[in-house]
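What follows is a single structure, written as structure tokens, with notes after it.
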Amino acid sequence: MTDGRDERDRERRERKHAEEADEVGREHKEQRSDELKKSWRRNHPSEQEEERKDQPKRGASGMTERDQSTTRRDAAERSWRELEIAGWEPKGMGAKTIWQSPADGRWYAHYQAVEMMKAEISPEEKHLLGEHGFERTAATDRERWSRREEAALQLYTRSQALTKARREAAS
């Protein structure tokens, strides 16, 4: 009979210990969640203000802060697509994304990659592309290059054209 009681007592202690561990885990998660929320609010003050006020605040441009954040998000997505089209390789997601340059293989922060992409093509690259018959297209897209191949006009992105020209130069 004592064995049965001892076993039940042991099971109760184990259950109580497991419940206490679960409670500690929940408290830790809640604490971490609160810390993350505070950190997010610190880094996103304009969106925090929107939560506090009933009426959206309008800036000098006449746009609400929500409209402006949507516009910023659209601009970020557009720059992401432009970098990928230009041959840049992303590593990571979100604010911590770094980009590998198609020209030199080095890694750069997002804003640096965007600035480098917008910069004019280097004279060496321009000479290399011109030497191998590539020309910029008349389109507004600054990353499109064309070349006549087998009686047809072929379109390339800047990185594709550079890769092809470098291969041809090496052979």
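Read the figures in this text as sums done on the coordinates, not as results from a lab. On a predicted model such as this, the values are computed, not experimentally measured, just so you know. Cβ coordinates were reconstructed from backbone atoms using ideal geometry, including for glycine residues, and neighbour counts include every protein chain displayed.
Through the Karplus equation 6.51 cos²θ - 1.76 cosθ + 1.60, θ set to phi - 60°, convert the phi angles of segment 129-137 into ³J(HN,Hα) values in whole Hz; use x for Gly and Pro.
Whole-Hz 3J(HN,Hα) from phi for segment 129-137: 5, x, 5, 9, x, 8, 10, 5, 6.
Rounded to the nearest 0.05, what FRET efficiency is calculated for residue 151 and residue 77 with R0 set to 45 Å and r the Cβ-Cβ distance?
0.70
Which FRET efficiency, nearest 0.05, do residue 132 and residue 107 yield, Cβ-Cβ r, R0 22 Å?
0.20
By how many nm would the segment from residue 96 to residue 19 lengthen if fully extended, with 0.36 nm per residue of separation less the alpha-carbon distance?
Fully extending the segment from residue 96 to residue 19 adds 23.9 nm.
Please give the residues of segment 74-98, grouped as numeric ranges, whose backbone N is less than 14 Å from a label point set 7 Å along the Cα-to-Cβ vector of residue 118.
75-80, 82-83
Of the cross-linked pairs 96/118; 91/118; 118/164; 91/164; 96/126, which ones have a Cα-Cα span greater than 26 Å in the structure shown?
96/126
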